[in-house]
Each structure stands twice: as C-alpha cells, then as structure tokens.
C-alpha cells in the first residue's frame, strides 16, 4: 500500500486511482489497463484517428512514468524491480 501511495504522489493521482489501475492490470494485463471503455448511447465526439493518437500518448506516458519510477524507487524492498528496464 505504501508503494501505491508513493506512485500516486509522484503521478499526482489519488491512491484509489493507482489501486484501480493495478487491479485492471492484474485482471487483464496491459491491454485491459489501456482499454478505452465506450458508454452506450450518444456517438463519440472524438473520431477514430484522434482516439488512436490518444492511445499512443497514453502508452508513451505509462512507459516514461514506468522508467521514472524504476529509477527513483530504492532497490531494497521492491521485489523483482530492477533499476535497468
């Protein structure tokens, strides 16, 4: 839980958001974490090309934050994390 709090602080997110992300990842892996859910009803206001661009940005954001976290968390007590991704 302490690690989730630290990650939330570094990403300027609430701890519950980080917990939700981890649950999604544990259930369905990276594809579930990155999935964009569509609510039923009204047609989306963003076209498919814009959604693809946002997906790419989201992947880059997660990747760079992953690298930053790996390089900023001390190696002791972090399980299998490595400072060299």
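Assorted remarks:
- So residue 10, is it surrounded by 12 or more Cβ atoms within 10 Å (Cβ to Cβ), at pLDDT 85 or above and more than 12 Å from the chain's Cα centre (by Cα): yes
- Residues of region 61-85 that turn out to be at pLDDT 75 or above, touching a helix residue (DSSP H, G or I) at 6+ places or on another chain (Cβ under 7 Å) and either assigned to a loop (DSSP other than H, G, I, E, B) or surrounded by fewer than 11 Cβ atoms within 10 Å (Cβ to Cβ) (or both), as a count: 0
- Selection from region 13-60 of residues that are outside any helix (DSSP H, G or I) and either surrounded by fewer than 10 Cβ atoms within 10 Å (Cβ to Cβ) or touching a strand residue (DSSP E or B) at 6+ places or on another chain (Cβ under 9 Å) (or both): 37, 38, 39, 40, 41, 42, 43, 45, 47
The values are calculated or read from the model by the stated rules, or taken from the named source; none is laboratory data. Owing to the predicted nature of the structure, the values given are computational and were not obtained by experimental measurement. Counting neighbours? That spans all protein chains shown, and the Cβs are built from the backbone with ideal geometry, glycine included.
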